[in-house]
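As structure tokens, the structure follows; a few thoughts come after it.
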Amino acid sequence: GLKLLLLLISDPHSLQSSYRALAEKTNISLGSVSNIFKELEDSGFIIKTKQKRVLKNMDLLLERWVIAYNEILKPRILRKKFRPASEVFDLSLSQNQQIGFVWGGESAANIMTDYLKSSHHTIYYDGELSLLLNKLKLIPDTNGNIEVYSSFWTDDLKLKYGNTAPPLVVYADLMGTNSSRNIEAAKMILENGL
């Protein structure tokens, strides 16, 4: 359900797509899409008119998505924690395009808002970890400040910023930290539109 909601919130036009198209865009089963829509309608989050579907109670829906993401999905997609091999960690934008990852959390918020200087880095990456380790000069460390997660969205979700995770994911990353500065940046991202 989190994958489908990410698409529906990030791309409101997708709400008008057929269940089959939504299943293909999110890589979830057709039956699951149908069940999720029924649950959203029963909970008052989707209103159906003769012409279209409309998302309602967005504040509550966002709050529930952020909680479920941080408590359920995010721990499952964590691949490994690292620390930089040197004191200076290169945040250059060309690095992620060469290797094929996107920034999340504080690093993405810095790119999106120019408000945070990140001390904790979140990376969404599906490739070989050895390539990432070599290119970014990382050392495995269970207490490290660099966390690598698998991305869980599909290419059908157009990224608002080519080098960051979807804004809703970045928002959830920041809200999950309980840091007042991160929450301020999350609100800035929310105001700019998820």
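The values are calculated or read from the model by the stated rules, or taken from the named source; none is laboratory data. Given the structure is predicted, the values throughout are model-derived calculations rather than measurements. Backbone-built Cβ (ideal geometry, glycine too); neighbour counts: all protein chains shown. Please note that ligands, DNA and RNA were not included when accessible areas were found on the heavy atoms of the full protein model with its side chains. Shrake-Rupley method; radii C 1.70, N 1.55, O 1.52, S 1.80 Å.
Kindly indicate whether any position in segment 147-167 is more than 17 Å from the chain's Cα centre (by Cα), assigned to a helix (DSSP H, G or I) and not aliphatic (A, V, I, L, M).
Checked segment 147-167: no residue is more than 17 Å from the chain's Cα centre (by Cα), assigned to a helix (DSSP H, G or I) and not aliphatic (A, V, I, L, M).
Which one of 132, 61 is free of Cβ contacts under 8 Å to residues at least 40 places away in the same chain, assigned to a helix (DSSP H, G or I) and surrounded by 14 or more Cβ atoms within 10 Å (Cβ to Cβ)?
Working: 61 fails: free of Cβ contacts under 8 Å to residues at least 40 places away in the same chain.
The match here is 132.
What is the number of the single condition among (1) touching a Ser or Thr at 6+ places or on another chain (Cβ under 8 Å); (2) open to solvent by 30 Å² or more (accessible area, probe 1.4 Å) that residue 100 does not meet?
(1)
How do the pairs read when you match residues in segment 10-28 that are under 16 Å from residue 152 (Cβ atoms) with residues anywhere that are at pLDDT below 90 and acidic (Asp, Glu), using Cβ under 6 Å and keeping only pairs 6 or more apart or on different chains?
Short answer, once both residue conditions are applied: 25/156.
Can you confirm whether residue 68 is closer than 30 Å to residue 146 by Cβ, among the small types (Gly, Ala, Ser) and either part of a helix (DSSP H, G or I) or free of Cβ contacts under 8 Å to residues at least 40 places away in the same chain (or both)? Walk me through it before giving the result.
Details: closer than 30 Å to residue 146 by Cβ: yes; among the small types (Gly, Ala, Ser): yes; either part of a helix (DSSP H, G or I) or free of Cβ contacts under 8 Å to residues at least 40 places away in the same chain (or both): yes.
For residue 68, the condition - closer than 30 Å to residue 146 by Cβ, among the small types (Gly, Ala, Ser) and either part of a helix (DSSP H, G or I) or free of Cβ contacts under 8 Å to residues at least 40 places away in the same chain (or both) - is met.
Can you tell me which residue within segment 111-121, out of those that are in contact (Cβ under 8 Å) with a residue 40 or more places away in the chain and over 15 Å from residue 176 (Cβ atoms), is surrounded by the fewest Cβ atoms within 10 Å (Cβ to Cβ)? Don't jump to the end; show me each part of the working.
So the first thing to find is which residues in segment 111-121 are in contact (Cβ under 8 Å) with a residue 40 or more places away in the chain, and the list is 111-113, 115-116, 120.
Narrowing the set further to residues that are over 15 Å from residue 176 (Cβ atoms) leaves 111-113, 115.
Numbers: 111: 19, 112: 21, 113: 17, 115: 14.
The extreme case among them is 115.
Report, by residue number, each residue of segment 137-160 that is at pLDDT below 90 and open to solvent by 70 Å² or more (accessible area, probe 1.4 Å).
Passing the criteria: 137, 155, 156, 158, 160.
Could you please tell me which pairs satisfy a Cβ distance under 6 Å, a separation of 6+ or placement on different chains, a first residue in segment 172-194 that is among the charged types (D, E, K, R), and a second residue that is open to solvent by less than 40 Å² (accessible area, probe 1.4 Å)?
173/104; 173/105; 173/122
If you scan segment 1-35, which residues turn out to be open to solvent by less than 30 Å² (accessible area, probe 1.4 Å) and of a type in the set (Val, Ile, Thr)?
The answer is 9, 26, 33.
Residue by residue, here is whether (1) over 25 Å from residue 74 (Cβ atoms); (2) at pLDDT 90 or above; (3) among the basic types (Lys, Arg); (4) part of a loop (DSSP other than H, G, I, E, B) holds:
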site	(1), (2), (3), (4)
5	no, yes, no, no
13	yes, no, no, no
22	no, yes, no, no
25	no, yes, yes, no
28	no, yes, no, yes
34	yes, yes, no, no
40	no, yes, no, no
47	yes, yes, no, no
51	yes, no, no, yes
